[in-house]
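First comes the structure, then the notes that go with it.
The values are calculated or read from the model by the stated rules, or taken from the named source; none is laboratory data. The structure presented is a predicted model; accordingly, all values stated were derived computationally and were not measured. All Cβ positions, even for glycine, are placed from backbone atoms using ideal geometry, and neighbour counts span all protein chains on display.
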Amino acid sequence: MIKEFIKQNTLSFRKGQRNSTVTILIGYAQHLKMTDVELKAELSTQISRDSFIKEEIDRLWGYCKSNKYKDFWTTADARKQYTF
């Protein structure tokens, strides 16, 4: 589901975009009731090429959870901005 979301929304893991992409994916994954371990498994190919992605997930997971980033995915704005 995450891989398809990345494709549909043309998200990038290039330098300069990784933080934003990881933050989006964390919120979406939390909305889907995934764990950080499950998200890292979904992104294992990207993580094997760039350890920064795992580091960002580890760094931001709790922050996104406590600030309820998952709630964004129930809004009309989310539906307008992203395909899911």
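For first residues located in the stretch 58-84 and modelled with pLDDT of 95 or more and exposed (fewer than 11 other Cβ atoms within 10 Å of the Cβ), partners that are in a loop (DSSP other than H, G, I, E, B) and polar (S, T, N, Q) and lie 6+ apart or on another chain with Cβ distances below 8 Å form the pairs THR83/ASN9. Surrounded by 11 or more Cβ atoms within 10 Å (Cβ to Cβ) and in contact with a helix residue (DSSP H, G or I) (Cβ under 6 Å, 6 or more places away or on another chain): does that describe ASP36? Here the answer is yes, as ASP36 does meet what is asked.
For the stretch 36-68, what are the residues that are hydroxyl-bearing (Ser, Thr, Tyr) and closer than 20 Å to GLU4 by Cα? Working first, answer last.
As a first pass, look at the stretch 36-68 and keep what is hydroxyl-bearing (Ser, Thr, Tyr): 44-45, 48, 51, 63, 66.
Listed by number, the residues that qualify are SER44, THR45, SER48.
Please report, ordered by residue number, the helices (runs of 4 or more DSSP H) entirely within the stretch 40-84 with at least 3 residues that are over 14 Å from THR23 (Cβ atoms). Fully inside the stretch 40-84 and qualifying: 44-49, 76-81. Take the residues in the stretch 1-33 that are assigned to a loop (DSSP other than H, G, I, E, B) and in contact (Cβ under 8 Å) with a residue 12 or more places away in the chain, then tell me which one is surrounded by the fewest Cβ atoms within 10 Å (Cβ to Cβ). Restricting to residues being assigned to a loop (DSSP other than H, G, I, E, B) and in contact (Cβ under 8 Å) with a residue 12 or more places away in the chain, the top hit is MET1.
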